[in-house]
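The block underneath contains the structure these notes are about, expressed in C-alpha cells.
The values are calculated or read from the model by the stated rules, or taken from the named source; none is laboratory data. For clarity, every value in this text was computed on a predicted model and none was experimentally measured. Using ideal geometry, Cβ is built from the backbone for each residue, glycine included, and neighbour counts are taken over all protein chains shown.
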Amino acid sequence: MRAPNEQACKEKELTERVSAFVRTHVMPHEPVLDAGGPAAAAALRKLQAGAKEAGLWALPLPEELGGQGLDLARYARLAEAEGASDHGPAALGSAPLLDATMLWRHGADRVRTLYPHRLTSGELRACYAMTDPETPGTDPYLTATRAVERADGGWTVSGRKWFTSHAAEADLVTVLARTDGQPGDRTGLSLLVVPTSAPGFRVVRELPVLGGAGQWEIEFDRVHVDADHLLGERGRALAIAAERLQLGRTLRCLRWLGQAQRAFDLMCERVNSRTGSRGPLGSHQLVQSHVFESLLALRTTRPLVHEAVAAIGAGRDAHVEVGLAKVAAARMLQQVTDAAIQIHGAAGLGPDTPLPALYRTGRTARILDGPDELHITGVARRVLRGYGT
C-alpha cells in the first residue's frame with residue numbers, strides 16, 4: 001500500500017494529466033463536437049484514441065468491464081477536470097459509467113455479455129429515455145409508453161420519449177415503460193434495453209436546448225424486445241432509476257464545478273488583461289465584486305458536492321446531500337458564467353469564447369435532471385420529517 005503522501009502525489013499528477021488533456025485536446029475541438037454529425041463523430045473517435053494511448057481511458061469504470069476501477073471518492077476530483085468541457089467525459093471514456101454499471105448490475109446474463117464491456121471500450125454508445133412528451137419528468141408515474149408481454153415472453157414497446165440525450169448516436173436505449181396498470185398508478189413501471197437498430201425505433205427530431213444540440217425525441221412503434229432485455233424485476237424500474245439518478249446527478253454537479261472554474265478563470269484573465277480609459281478593469285469595485293461573489297459561490301458549493309460524493313460512496317441515504325448539491329451547483333454555474341459574460345461585455349455573447357455554451361448548461365441544469373423546485377421541496381420534506389413527533 002502506498003504511503004498517504006505518495007498516493008496524494010499520484011492523484012494530483014493524474015488530475016493534472018486529465019486537465020491538460022481536456023484543455024489541449026478536447027477544448028480546441030468543441031466547435032466541431034458541438035455541431036454534431038459525421039465530423040463530430042470522427043473528432044470524438046480521434047480524441048478517444050488519444051485518451052486510450054495516454055492511459056486516461058475509462059478511469060471510473062469497473063475493472064471487470066475493462067475500466068481502471070477508480071472509486072467515486074478518487075474519481076471526484078478528476079470529474080471536475082473532465083467536466084470543464086461538456087465533451088470531456090465522452091472523450092475520456094467516462095460517459096458510459098451510468099449505463100454500463102446499470103446493465104452490469106441489473107441485466108440478465110445475455111445483456112451482461114452483450115453490452116457493458118462494449119460500452120466501456122467505446123464500441124457502443126447508450127442513452128436513457130425516461131420522460132414522455134407533455135408528461136412532467138418529475139412524475140414518472142404518468143408514463144404512458146407501454147410494453148406489452150408477447151406470447152414468447154418478449155415485449156412489444158410503443159410510445160414516445162423526449163429530451164433523450166445523444167439518442168441519435170446511440171446503439172442502445174434503456175426505456176422506462178409501463179408493463180402493468182394505467183398512467184398514474186404507482187406501480188407497474190419497468191426498464192427495458194432496446195437496440196436502436198430494432199425495427200420500429202425512430203429518431204423523430206432534434207430538440208435544440210437554448211440553441212444547443214444533443215437532445216432528441218424518439219419513437220417506439222411496436223418495437224419487439226427480447227424477454228431477457230428486461231432490467232431487474234418487472235415493475236421495479238424506479239428502484240433502479242433512483243440508484244442511477246443519485247450517482248448521475250452527483251457526477252453532473254462535479255462536472256458543473258469544472259465548468260464554473262473554467263468560466264471563473266476566463267473572467268479573471270479578462271480582468272487582468274483589459275485596461276480602459278479609466279484604468280485597469282480590475283481596479284473597479286463592481287468588477288471586484290463579481291470576482292468575489294463568483295469565488296464565494298464556487299468555494300461554498302464544492303463542499304456540498306463532495307458531501308454528496310461521500311454519502312453515496314459510503315452507501316448512505318444521500319437524498320438530502322444530492323438535492324442540496326444539485327440545486328447549489330446548477331445555480332452556481334449559472335451565476336459564475338453570468339458574471340464572466342458581464343465582465344467580457346459583448347465579447348462574452350459571441351462565438352469567440354465558450355461562455356455562451358457554459359451559460360446554456362447552467363441555465364438548463366436548473367430544469368433538466370430535476371428542476372430546482374423538485375429538489376427544494378424533496379429536501380425540505382425529508383428534513384422536516386426529522387422534527388416530527
Just the residues that are under 23 Å from R255 (Cα atoms) and outside any helix (DSSP H, G or I), please, taken from region 351-389. P351, D352, T353, P354, R366, I367, L368, D369, G370, P371
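Here's the yes/no breakdown for (1) more than 18 Å from A73 (Cα to Cα); (2) among the charged types (D, E, K, R); (3) in contact (Cβ under 8 Å) with a residue 12 or more places away in the chain; (4) in a helix (DSSP H, G or I):
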position: A8; (1), (2), (3), (4): no, no, no, yes
position: T15; (1), (2), (3), (4): no, no, yes, yes
position: V18; (1), (2), (3), (4): no, no, yes, yes
position: V22; (1), (2), (3), (4): yes, no, yes, yes
position: V26; (1), (2), (3), (4): yes, no, yes, yes
position: H29; (1), (2), (3), (4): yes, no, yes, yes
position: D34; (1), (2), (3), (4): yes, yes, yes, yes
position: P38; (1), (2), (3), (4): yes, no, no, yes
position: L44; (1), (2), (3), (4): yes, no, yes, yes
Does L281 fit the bill of being modelled with pLDDT under 95, in the same structural domain as G378 (by TED's automatic domain parsing), touching a strand residue (DSSP E or B) at 6+ places or on another chain (Cβ under 8 Å) and surrounded by fewer than 20 Cβ atoms within 10 Å (Cβ to Cβ)? yes
Select the strands (runs of 3 or more DSSP E) contained entirely in region 178-258, then report the ones holding at least 3 residues which are among the β-branched types (V, I, T) and either within 30 Å of L349 (Cα to Cα) or in contact (Cβ under 8 Å) with a residue 40 or more places away in the chain (or both). 215-225
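Is region 308-330 home to any residue that is in contact with a Gly (Cβ under 8 Å, 6 or more places away or on another chain) and of a type in the set (A, V, I, L, M, F, W, C)?
For region 308-330, residues in contact with a Gly (Cβ under 8 Å, 6 or more places away or on another chain) and of a type in the set (A, V, I, L, M, F, W, C): present.
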Have a look at E82, E64 and point out the one that is surrounded by 19 or more Cβ atoms within 10 Å (Cβ to Cβ), acidic (D, E), assigned to a helix (DSSP H, G or I) and modelled with pLDDT of 95 or more. E82
Take the residues in region 299-332 that are in contact with a Leu (Cβ under 7 Å, 6 or more places away or on another chain) and over 17 Å from I376 (Cα atoms); name whichever of them is surrounded by the most Cβ atoms within 10 Å (Cβ to Cβ). V309
Restricted to region 106-120 and to residues being in contact (Cβ under 8 Å) with a residue 60 or more places away in the chain and not in a loop (DSSP other than H, G, I, E, B), the residue surrounded by the fewest Cβ atoms within 10 Å (Cβ to Cβ) is D109
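Of all residues in region 6-30, which are at pLDDT 90 or above and loosely packed, with under 13 Cβ neighbours inside 10 Å?
Hits for region 6-30 are K12, E13, E16, T24, P28.
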Checking A129 against (1) within 22 Å of H375 (Cα to Cα); (2) at pLDDT below 95: exactly one of these is not met. Which one? (2)
Give the residues of region 150-175 that are within 22 Å of D228 (Cβ to Cβ), surrounded by fewer than 21 Cβ atoms within 10 Å (Cβ to Cβ) and in contact with a Phe, Trp or Tyr (Cβ under 6 Å, 6 or more places away or on another chain), sorted by residue number. S158
